[in-house]
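No lab work stands behind these numbers, since they all come straight from the coordinates. No experiment lies behind these values; they were computed from the predicted model shown. All Cβ positions, even for glycine, are placed from backbone atoms using ideal geometry, and neighbour counts span all protein chains on display.
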Amino acid sequence: MIQAFIDKVFCGDALEILRKLPDNSIDMGVTSPPYNKGENKKGWLVNKVVYKGATDNLPEEQYQKIQIEVLNELYRVIKPGGSFFYNHKIRWERGRMLHPMDWLRKTKWVIRQEIIWDRMIAANLRGWRFWQVDERIYWLYKPKDNHLIGEELKSKHALLTSIWRFAPEQNNPHPAPFPIELPARIIYSIMDEKKGGIVIDPYCGSGTTLVAAKILGQHYIGIDLSKDYVAYSIQRLEKYKEEIPKVEGELSKHVVRKTFKERKERGEFVGRYRKKSVELSSSSLFEE
Ligand SMILES: C[S@@+](CC[C@H](N)C(=O)[O-])C[C@H]1O[C@@H](n2cnc3c(N)ncnc32)[C@H](O)[C@@H]1O
């Protein structure tokens with residue numbers, strides 16, 4: 001029974017704990033796994049990200065194999081029609097590009113969208129490549145009744161576009177937290193005004209996804225290997241009210257100020273390529 005797992009933060013290995021959860025029982029999830037990076041070479045702005053209680057330096061092949069297993073377990077536990085958002089980034093190993101798509105395509109998920117997260121800061125200021133300020137967020141979808149596309153987002157969420165701009169979180173003792181606005185955007189876009197759903201984060205770190213879920217009226221399930229981060233997440237969940245203003249700030253962006261039709265009628269900006277925009281107007285995406 002899923003009831004035994006909700007509103008809890010488990011200390012342990014993501015894969016082992018996921019295996020205990022029942023099939024088709026969770027509405028959605030958000031996570032940022034460890035990236036398997038040993039970024040302590042010349043030019044890195046930040047010291048190596050070191051997690052308490054976890055290694056982040058596996059042979060790449062083994063790392064990808066584990067990620068595929070974790071993602072497939074998540075596929076099993078998420079309900080048909082449910083979504084999982086997976087934050088990762090492009091990395092390089094001795095000049096060879098390692099792209100999250102390399103392993104995402106080997107999972108059971110339908111890859112619904114690739115979102116660019118502009119973090120507005122680069123971790124490495126050398127000139128081997130243009131400074132990498134982006135990470136990626138993959139919207140993974142579990143089809144329902146063999147329907148691969150799923151339901152439409154409401155316009156107020158869809159108009160936030162596929163490029164997201166959030167600066168990194170500053171006030172958090174965890175070495176790699178995401179800002180709470182990020183899971184808040186995801187959870188609110190998918191659940192909209194529905195409350196009481198279940199949101200999972202199998203690498204929950206400081207509990208950011210869990211706090212966002214709680215503020216948005218959802219249940220949560222968190223997992224992390226480090227007992228320190230689990231303890232911190234629990235403390236943070238107790239004080240969740242302090243983070244309501246940040247989540248409300250994000251929600252205030254989910255508004256349709258003018259419909260696409262209104263913009264067109266007033267001759268206002270409707271997109272750079274007019275022809276394309278006219279085609280879009282018939283798709284109802286920007287019309288409510
Ligand atoms: C990128 S961080 C997640 C940060 C989180 N999004 C936040 O906002 O705080 C990845 C987390 O995965 C945890 N971790 C590493 N290996 C794990 C494993 N095998 N099972 C569960 N958690 C693990 C680390 O302890 C770390 O907290």
Calculated from DSSP helices alone, with each H run of at least 4 adding -39500 (n - 2.57) and the total divided by the residues of the chain, [θ]222 nm to the nearest 500 comes to -8000 deg cm²/dmol
Too long at a 23 Å Cα-Cα cut-off: which of 89/154; 214/253; 52/214; 142/258; 8/37; 142/239? 89/154; 52/214; 142/258; 8/37; 142/239
Quick calc, residue 4 & residue 120: beta-carbon distance into FRET formula, R0 41 Å, rounding 0.05, result 0.50
For the residue 110, residue 257 Cβ pair and Förster radius 35 Å, calculated FRET efficiency rounded to 0.05 is 0.65
What list of ³J(HN,Hα) couplings, whole Hz, do you get for the stretch 252-266 from phi and the Karplus terms 6.51, -1.76, 1.60, once you set θ to phi - 60° and write x for glycine and proline? 5, 7, 8, 9, 8, 6, 9, 6, 4, 4, 4, 4, 4, 4, 8
Highest-fluctuation residue, 208, 259, 31 considered, GNM on the chain with Cα pairs under 10 Å: 259
Give the aspartates and glutamates reachable from residue 261 as a straight Cα distance under 13 Å; neighbours fewer than 8 places away on the same chain don't count. 279, 287, 288
Cβ neighbours within 10 Å, averaged per peptide: list 180-188, 60-68 in order, most packed at the top. 180-188, 60-68
With the chain treated as a Gaussian network of Cα nodes joined by springs under 10 Å, which of 98, 15, 74 yields the largest mean-square fluctuation? 98
DSSP beta bridges in the chain: the antiparallel percent, rounded to 5, is 50
Identify which of 117, 139, 128 has the largest mean-square fluctuation in a Gaussian network model of the chain, with springs joining Cα atoms closer than 10 Å. 128
